[in-house]
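What follows is a single structure, written as structure tokens, with notes after it.
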């Protein structure tokens, strides 16, 4: 859906939902809506669409509406998120301008959907068959429901939210279920669902956004007296510092990149180099902040992982794909597992991906130019292994004993590392019931081995 057809305009956004560049007519609308270029997306429905795509990591396409003076704009927009920590690519397929008329029909539906999104306490993404792809919620009351939906990816959503007074075989046509009352297990409140189709004009929906709403505020219902427990230790970095610092640091990086690439106008080479150094320093600081937040998470008493049936081959290929551009900048070739190879395991997908991104990223950082990095899979009884091998300088026996220690950088400086990545990665591996080890000889590269429980039912 995203690779074919006519594109009227391209645009890109960053991780803070700032519009970095845009073609006309989107660029003009951004300015007339009170925004800047580059600057925070000023068209409300476009901003909502980009945020949804970036948070869900799913490609989203739908019509948006905006007001441009006395004209109403209706545009078909496709948003594709980049890698984690990056923004989105935006494509404008259609653009219609007409005098503002009384709100009715499709426009009223768009307004209703926008209102529901702001009020929803849970959002889920469904495929064309109304099967669950992902679910998110910040409500503690719905935490168990989200966990059940994530564990039951591929099942019809009505398996988790039973419609009230509906006895027909599921799933019904989505229009018959839109707005229906549903039962949320463990909740005393009244709930309804809103189904927002993702569809191109003239086609059947390619998927849906499910919004769960309640007319009763949270906390209504029988009062339950909870036993007194010691409050958990507050996360200083993750809860206090990270949310405050991430946005201004990301803004510094984006502005520095704008200056470095001369998007804002001509600039002497020396100043462009200064801007590049600012962007690099900001990226290092942001990475350190994220590592410190991860460190607090893995060292907390309540930290657990959510094991799912996964294919380690697929995760390894995703890690190789995400870091492919960085590797090619050094002329390094990453050899991922072949597509026909599979290795089932029981582990949390995003945590395995986080570990592999760290291992492959380290291999790129410390390997010489024009070398190779290999990612192998190995079944070992009750364990499943992913092995990342490089052709770097390797590690001596004393270094192998120290490399997983907190803040350990083996005497290296200026390489952009925090000394926390391998410590966090080993902590994650052990939390998933596995381990992270290294085999190496000085001058002969290194082999980092991630082990997680194999899936005996696969």
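It is to be established whether one or more residues within segment 284-294 are at pLDDT below 80, farther than 21 Å from residue 351 by Cα and not assigned by TED's automatic domain parsing to the domain that holds residue 366.
yes
Name every residue in segment 300-335 that is crowded, with 19+ Cβ neighbours inside 10 Å and more than 22 Å from residue 57 (Cα to Cα), in order of residue number.
327, 332, 334
Would you confirm whether any residue within segment 261-275 is modelled with pLDDT of 80 or more, assigned to a helix (DSSP H, G or I) and within 16 Å of residue 39 (Cα to Cα)?
The answer is no, given that none of the residues of segment 261-275 is modelled with pLDDT of 80 or more, assigned to a helix (DSSP H, G or I) and within 16 Å of residue 39 (Cα to Cα).
Suppose we filter 454, 446, 429 for residues that are at pLDDT below 95 and surrounded by fewer than 22 Cβ atoms within 10 Å (Cβ to Cβ); which single one remains?
Result of the check over 454, 446, 429: 454.
Restricted to segment 363-390, and to residues that are in contact with a strand residue (DSSP E or B) (Cβ under 8 Å, 6 or more places away or on another chain) and part of a helix (DSSP H, G or I), which residue is nearest to residue 312 (Cα to Cα)?
That would be 363.
Condition first: under 26 Å from residue 53 (Cα atoms) and modelled with pLDDT under 80. Can you find one or more residues in segment 149-166 that meet it?
no
Only one of 350, 317 is assigned to a helix (DSSP H, G or I) and at pLDDT 90 or above; which?
Answer to the selection: 317.
Testing residue 45 on (1) surrounded by fewer than 14 Cβ atoms within 10 Å (Cβ to Cβ); (2) in a helix (DSSP H, G or I); (3) at pLDDT 85 or above, one condition comes back false. Which one is that?
(1)
Just one of 113, 108 is at pLDDT below 80, within 25 Å of residue 51 (Cα to Cα) and exposed (fewer than 13 other Cβ atoms within 10 Å of the Cβ); which is it?
The match here is 108.
Answer yes if at least one residue in segment 6-22 is modelled with pLDDT of 90 or more, exposed (fewer than 14 other Cβ atoms within 10 Å of the Cβ) and either under 25 Å from residue 209 (Cα atoms) or in contact with a strand residue (DSSP E or B) (Cβ under 8 Å, 6 or more places away or on another chain) (or both), and no otherwise.
Yes: segment 6-22 contains one or more residues that are modelled with pLDDT of 90 or more, exposed (fewer than 14 other Cβ atoms within 10 Å of the Cβ) and either under 25 Å from residue 209 (Cα atoms) or in contact with a strand residue (DSSP E or B) (Cβ under 8 Å, 6 or more places away or on another chain) (or both).
Looking at (1) at pLDDT below 80; (2) in contact with a helix residue (DSSP H, G or I) (Cβ under 8 Å, 6 or more places away or on another chain), which is the one condition that is false for residue 301?
Residue 301 satisfies all of (1) at pLDDT below 80; (2) in contact with a helix residue (DSSP H, G or I) (Cβ under 8 Å, 6 or more places away or on another chain) except (2).
For the structure I just gave you, tell me whether residue 411 is assigned by TED's automatic domain parsing to the domain that holds residue 343, part of a loop (DSSP other than H, G, I, E, B), surrounded by 21 or more Cβ atoms within 10 Å (Cβ to Cβ) and modelled with pLDDT under 90.
Taking the combined requirement at face value, the residue does not satisfy it.
Within segment 354-361, identify whether any single residue is in a helix (DSSP H, G or I), free of Cβ contacts under 8 Å to residues at least 12 places away in the same chain and surrounded by fewer than 20 Cβ atoms within 10 Å (Cβ to Cβ), and answer yes or no.
The answer is no, given that none of the residues of segment 354-361 is in a helix (DSSP H, G or I), free of Cβ contacts under 8 Å to residues at least 12 places away in the same chain and surrounded by fewer than 20 Cβ atoms within 10 Å (Cβ to Cβ).
Going by what's in this entry, would residue 81 be described as within 23 Å of residue 125 (Cα to Cα), touching a strand residue (DSSP E or B) at 6+ places or on another chain (Cβ under 8 Å) and surrounded by fewer than 16 Cβ atoms within 10 Å (Cβ to Cβ)?
For residue 81, the condition - within 23 Å of residue 125 (Cα to Cα), touching a strand residue (DSSP E or B) at 6+ places or on another chain (Cβ under 8 Å) and surrounded by fewer than 16 Cβ atoms within 10 Å (Cβ to Cβ) - is not met.
Go through (1) over 25 Å from residue 366 (Cα atoms); (2) assigned to a strand (DSSP E or B) and name the single condition residue 342 misses.
Against the list (1) over 25 Å from residue 366 (Cα atoms); (2) assigned to a strand (DSSP E or B), residue 342 comes up short only on (2).
The values are calculated or read from the model by the stated rules, or taken from the named source; none is laboratory data. Note that the structure is predicted; figures quoted are calculated from it, not measured. Here Cβ is always computed from backbone atoms with ideal geometry, including for glycine, and neighbour counts include all displayed protein chains.
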